[in-house]
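Chemist: Here it is: the structure, laid out below.
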Amino acid sequence: MAKRTRRKTVTPRVSRTRRAARWLRRWLARATLASVAVILAWVGLYAVMPPPTTPYIFSESRRLGGAEYAWVPMEEISENLQRAAVAAEDANFCLHWGFDMDAIRAAIDEGAARGGSTISQQVAKNAFLWHGRSWLRKALEAVITPVMEALWPKRRVLEVYLNVAEFAPGVFGAEAAARHHFGISAADLSARQAALLAAVLPNPSERDASAPSAWVERRAAAIRDGAATIRADGRDACFAN
């Protein structure tokens, strides 16, 4: 009787491709879940503790050979500065959920002439990410901002903003800025001093609050008016006592 020859089973190439695709999908799913968990944990942690530093503070400290950064609670930051910063950077801060769609549409219409970032978006960038223009950073900012808005009260968002914003080269936060520019604490800032600090945002390398140019003075005057309007119409309700 003729002996049967056993044929070897050859795995089709398509099967190997499918297995590789399934492995890649599982890997991507796990990486995505891990990334989401890290973001949630990091944002949640900063809801209750001050950031010890930020990526930008760290990089500027290395570049400049040091940085001034002193965290103070919201109660030790003058409400003059709280309202001035909102008037200067995000007048509808209490009214949006992290993105001001009207401001974004206006920024698109006007091109590079203005920015559309809210204070919430700036906190996402300043506290968690790096500076510079890239689609990756903007994508991460777009993810972190609503998570932060969901986990933090508005007052906390503004508190972190005022503590990590740069008010002069290498000078971060309201307390360091008040002492650097005026020799006083952040709690003692007058309406004019607060408006001058807000006027240097977001370009402290070219604007000086303690030796203001005519443009900075005009900008500060407009910010004082805006801060008074915000107080009068109640748009400071989410952060002011």
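The values are calculated or read from the model by the stated rules, or taken from the named source; none is laboratory data. Note that the structure is a prediction, hence the values are computed from the model and not measured. Note that each Cβ is placed from the backbone with ideal geometry, even for glycine, and that neighbours are counted across all protein chains shown. For accessibility, only protein heavy atoms count, side chains too; no ligands or nucleic acids. Shrake-Rupley method; radii C 1.70, N 1.55, O 1.52, S 1.80 Å.
Chemist: Of the residues that sit in the range 178-197 and are in contact (Cβ under 8 Å) with a residue 24 or more places away in the chain and not in a helix (DSSP H, G or I), which one is most open to solvent (accessible area, probe 1.4 Å)?
Modeler: Ser190
Chemist: Please identify the pairs in which a residue from the range 29-55 that is without any contact (Cβ under 8 Å) to a residue 40 or more places away in the chain and in a helix (DSSP H, G or I) has its Cβ atom under 7 Å from the Cβ atom of a residue that is surrounded by 14 or more Cβ atoms within 10 Å (Cβ to Cβ) and not hydrophobic (A, V, I, L, M, F, W, C), counting only partners at least 6 apart or on another chain.
Modeler: No pair meets every condition.
Chemist: Residues of the range 42-68 being hydrophobic (A, V, I, L, M, F, W, C), within 17 Å of the chain's Cα centre (by Cα) and either over 29 Å from Glu217 (Cα atoms) or open to solvent by 70 Å² or more (accessible area, probe 1.4 Å) (or both), which ones?
Modeler: Once the filter is applied, which keeps residues that are hydrophobic (A, V, I, L, M, F, W, C), within 17 Å of the chain's Cα centre (by Cα) and either over 29 Å from Glu217 (Cα atoms) or open to solvent by 70 Å² or more (accessible area, probe 1.4 Å) (or both), the range 42-68 yields Trp42, Val43, Leu45, Ala47, Val48, Met49, Phe58.
Chemist: Is the range 201-208 home to any residue that is modelled with pLDDT of 95 or more and either closer than 16 Å to Glu75 by Cβ or of a type in the set (Val, Ile, Thr) (or both)?
Modeler: No, the range 201-208 contains no residue that is modelled with pLDDT of 95 or more and either closer than 16 Å to Glu75 by Cβ or of a type in the set (Val, Ile, Thr) (or both).
Chemist: Mind listing whichever residues of the range 229-241 are touching a residue at least 40 places away in the same chain (Cβ under 8 Å), open to solvent by 20 Å² or more (accessible area, probe 1.4 Å) and either more than 22 Å from Val123 (Cα to Cα) or not hydrophobic (A, V, I, L, M, F, W, C) (or both)?
Modeler: Thr229, Arg231, Arg235, Asn241
Chemist: Name the single residue that is nearest to Gly173 (Cα to Cα) among those in the range 198-216 being part of a helix (DSSP H, G or I) and open to solvent by less than 60 Å² (accessible area, probe 1.4 Å).
Modeler: Ranking the qualifying residues of the range 198-216, first place goes to Ala198.
Listed here are the residues, each with its yes/no results for (1) under 23 Å from Ala168 (Cα atoms); (2) of a type outside the set (Val, Ile, Thr); (3) touching a Pro at 6+ places or on another chain (Cβ under 9 Å).
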residue: Arg16; (1), (2), (3): no, yes, no
residue: Trp42; (1), (2), (3): no, yes, no
residue: Leu64; (1), (2), (3): yes, yes, yes
residue: Met74; (1), (2), (3): yes, yes, no
